[in-house]
1. Give the residues of the range 79-105 that are within 14 Å of ligand 1 (Cβ to nearest atom) and within 24 Å of residue 360 (Cβ to Cβ), sorted by residue number.
2. It is to be established whether one or more residues within the range 2-21 are within 15 Å of ligand 1 (Cβ to nearest atom) and in a loop (DSSP other than H, G, I, E, B).
3. Can you list the helices (runs of 4 or more DSSP H) lying wholly within the range 374-440 that have 3 or more residues being on the phi > 0 side of the Ramachandran plot and in contact with a helix residue (DSSP H, G or I) (Cβ under 8 Å, 6 or more places away or on another chain)?
4. Pick out the one residue from 73, 160 that is more than 16 Å from ligand 1 (Cβ to nearest atom) and without any contact (Cβ under 8 Å) to a residue 40 or more places away in the chain.
5. Could you list, in sequence order, all residues of the range 96-133 that are farther than 25 Å from residue 49 by Cβ, within 16 Å of ligand 2 (Cβ to nearest atom) and assigned to a loop (DSSP other than H, G, I, E, B)?
6. Filter the strands (runs of 3 or more DSSP E) completely within the range 134-215 down to those with at least 2 residues that are more than 24 Å from residue 344 (Cα to Cα).
Ligand SMILES: [Zn+2]
Ligand SMILES: [Zn+2]
């Protein structure tokens, strides 16, 4: 069977199950879970793969699920990814009332698309004509949040990295994969449009702890050292750095106070801050990170408190692979029209697909079908076919292109890719980027 005929067959198989793909996406939307806690979501995905008769494994990096369609030859390995986790938005109408988790970043749609690619390839029996393998990865914890909780998991030795794809890299779960692709939701974009290409910021995470001395806030504040005042001065210090950042570096520093005092009538002795320091290049991240540290320390110094700054491995900047982008672009254009596939630009957000893009050719386009801004209470699917089904078709068609005819295109892209970091080099890079500093 030739490539075009196989593609038609796969797309028809997805179309035949479109209703179920949409239901899967909506079910996950109604049951959001936060990173490294996505047990139910993982179960839903495992059940889907099992229903298709695909071999699968669960519990990768705590909650990840991996299934596989093996081709008639194994000349290349293409991974399709979907992220299992939600963000926190207590005000979101579909939020979990206990945890505040809500699919306000559209990761539920990625999982529906992942399920759609699997169903298309499995039901069309594409394996008989493909010369490489397709790996389906439902991955944990893309959102770099709940830093304290994840630090606990780290201390317990359950994870090394706060990001799920990073953890999978560190564990060798992505060894042997040649190419990786996924489609992310584009907020505020109800139209049938997609964006391919572009780049994203990387970042370092920071866990900051101010320690002072508690005292009666009314009777004897002079006996205390106010850690909250130290923290506020530290934050103001960060704001005072902003005019020194270059526009082209897209620096973003956005701290939150996660512990700001325990009781109103006690001078706060322990205050905790989480922040990212984001920028477009590793050099700019390091420069901004040093300035942030300087400012945070100055806050402690001003009131005589102590501060501990722990740097955490955030995400590397994303580089979309241009050749992979061209193939995907063409497939997406045949579904929604040439004029609706636009060129992606630099995004100041971050993703751990960035880390993957340093190890292998990677693609992280975005697609519409959603209204409301990402990470807000208004985010929802307005066009289920565009959000769930069309990305599945575009990804599946791209897989057929990559792995047909001796997996020629997959191998060409791999050959043209700049020297990849090995797993060891990747881990060494993070060790180099991070320095634990303890200062008073
Ligand atoms: Zn997000
Ligand atoms: Zn996201």
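Every number here is computed from the coordinates shown, using simple stated rules; none is lab data. Treat the numbers as computed from the prediction; the structure is a model and nothing was measured. Cβ placement follows ideal geometry from the backbone for every residue including glycine, while neighbour counts extend to all protein chains displayed.
1. Filtering the range 79-105 down to residues within 14 Å of ligand 1 (Cβ to nearest atom) leaves 82-89, 92, 101-105.
Residues satisfying the conditions are 82, 83, 84, 85, 105.
2. Keep residues of the range 2-21 that are within 15 Å of ligand 1 (Cβ to nearest atom), which gives none.
Looking for residues that are within 15 Å of ligand 1 (Cβ to nearest atom) and in a loop (DSSP other than H, G, I, E, B), one finds none in the range 2-21, hence no.
3. Working: elements: 390-403, 408-416, 423-433.
So the answer is none; nothing clears 3.
4. Details: 73 fails: without any contact (Cβ under 8 Å) to a residue 40 or more places away in the chain.
The unique qualifying residue is 160.
5. From the range 96-133, those farther than 25 Å from residue 49 by Cβ are 97-100, 102, 104; that's our starting set.
Within this subset, residues satisfying the condition of being within 16 Å of ligand 2 (Cβ to nearest atom) are 102, 104.
Hit for the range 96-133 is 104, nothing else.
6. Numbers: elements: 179-181, 194-196, 202-211.
In the range 134-215, the matching strands (runs of 3 or more DSSP E) lie at 202-211.
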